[in-house]
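The values are calculated or read from the model by the stated rules, or taken from the named source; none is laboratory data. Predicted, not measured: the structure shown is a model, and the values here were computed from it. Glycine gets a Cβ as well: all are built from the backbone with ideal geometry, and neighbour counts include every protein chain shown. To get the accessible areas, we keep the full protein, side chains included, count just its heavy atoms, and leave off ligands, DNA and RNA. Shrake-Rupley method; radii C 1.70, N 1.55, O 1.52, S 1.80 Å.
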Amino acid sequence: DTFALFEQNAKTAKLDDGRTVWEWLEGKPAAPSEKAAIDHPITLDEKIVEVEKQIQEKPIEHLVLLDVSGKERFHRVSGSKTQVALPTAAVGKISGFALLHNHPSCMLPENRGFPTSLSIQDVQLAVREKLGSIRAVGIRRSYLLEPGPGGWPSEYEIIKAYADAKKRAFAKLEILRLSGRILEWKENQILNHLIWKDVAKRLDMKYIAI
């Protein structure tokens, strides 16, 4: 009869998504397409979050370099809690890269998971290598510095601005200490943060605590 003929045809005729007409009528969902099944490539921002989680609790310093696409190009592990050197193979070849390194100082009980911010040596490296960004990573906070619209200032400008900002930061902390409004552990932890916040503002860079 007519319905039997329709059923026979509906069970053999296929839609563009691979289902038969009969399956479509029964409400069977379409299988995910091959294109949809392919994982989207990880972005730089996603990779940064992933790397931060990997290194934030390490007891010694790790240095990771990511290119602009988010691909990890270098990962160096130091034997030190206070420093890690840039791989020789990376020198002069990492313009625009994101550099992440952990500051194990955050692991000290008195620092409560907060790392110290970037050192002057960290930022001098970022300037020399024309990095896209540099981060100091800790358990409860990370610090990010990026060049402004006009690029990085010169090393001379950085060093001079750092020295001036350090004097202002010490003066500010002295007032807070004498008034009893800051604890000693917090004072030690916040010094470089105050310095780079000041320097970034004066030299048109982007600096944030994350």
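Things to note:
- Odd one out for SER179, checked against (1) buried (at least 20 other Cβ atoms within 10 Å of the Cβ); (2) farther than 24 Å from CYS106 by Cβ; (3) of a type outside the set (D, E, K, R): (1)
- Taken as a whole, the condition of being modelled with pLDDT of 95 or more, part of a helix (DSSP H, G or I) and of a type in the set (A, V, I, L, M, F, W, C) does not apply to ALA171.
- Residue identified as of a type in the set (Val, Ile, Thr), at negative phi, out of contact with any Lys or Arg (no Cβ under 9 Å at 6 or more places or on another chain) and not in a loop (DSSP other than H, G, I, E, B) among VAL64, VAL123: VAL123
- Checking each residue in the range 62-79 for being open to solvent by less than 30 Å² (accessible area, probe 1.4 Å) and at pLDDT below 85 picks out only SER78.
- Here ARG135 meets the list (1) in a helix (DSSP H, G or I); (2) surrounded by 15 or more Cβ atoms within 10 Å (Cβ to Cβ); (3) touching a helix residue (DSSP H, G or I) at 6+ places or on another chain (Cβ under 8 Å) almost entirely, failing just condition (1).
- Single unsatisfied condition, GLU187 versus (1) touching a strand residue (DSSP E or B) at 6+ places or on another chain (Cβ under 9 Å); (2) open to solvent by less than 30 Å² (accessible area, probe 1.4 Å): (1)
- Matching residues in the range 79-118 - criterion: being assigned to a loop (DSSP other than H, G, I, E, B), among the small types (Gly, Ala, Ser) and touching a helix residue (DSSP H, G or I) at 6+ places or on another chain (Cβ under 7 Å): SER95, GLY113, SER117
- Only one of the numbered conditions (1) hydrophobic (A, V, I, L, M, F, W, C); (2) open to solvent by 80 Å² or more (accessible area, probe 1.4 Å); (3) at pLDDT 90 or above is not met by MET107, and that is (3).
- From the list LYS172, LYS130, the one residue that fits, being without any contact (Cβ under 8 Å) to a residue 24 or more places away in the chain and of a type in the set (Lys, Arg), is LYS172.
- Of all residues making up the range 51-61, the number that are over 8 Å from the mean Cα position of the chain (by Cα), charged (D, E, K, R) and either at pLDDT below 90 or open to solvent by less than 70 Å² (accessible area, probe 1.4 Å) (or both): 1
- Among the residues of the range 156-169, those that are in contact (Cβ under 8 Å) with a residue 12 or more places away in the chain and among the hydrophobic types (A, V, I, L, M, F, W, C) comprise ILE158, ILE159, ALA161, ALA165, ALA169.
- Of the residues making up the range 80-92, just one is out of contact with any Asp or Glu (no Cβ under 9 Å at 6 or more places or on another chain) and open to solvent by less than 30 Å² (accessible area, probe 1.4 Å), namely PRO87.
- Among the residues of the range 145-166, those identified as open to solvent by 20 Å² or more (accessible area, probe 1.4 Å) and in a loop (DSSP other than H, G, I, E, B) are PRO147, PRO149, GLY150, TRP152, SER154.
- Just one residue in the set SER119, SER95 is of a type in the set (S, T, N, Q), farther than 18 Å from PHE74 by Cβ and surrounded by fewer than 18 Cβ atoms within 10 Å (Cβ to Cβ); that residue is SER119.
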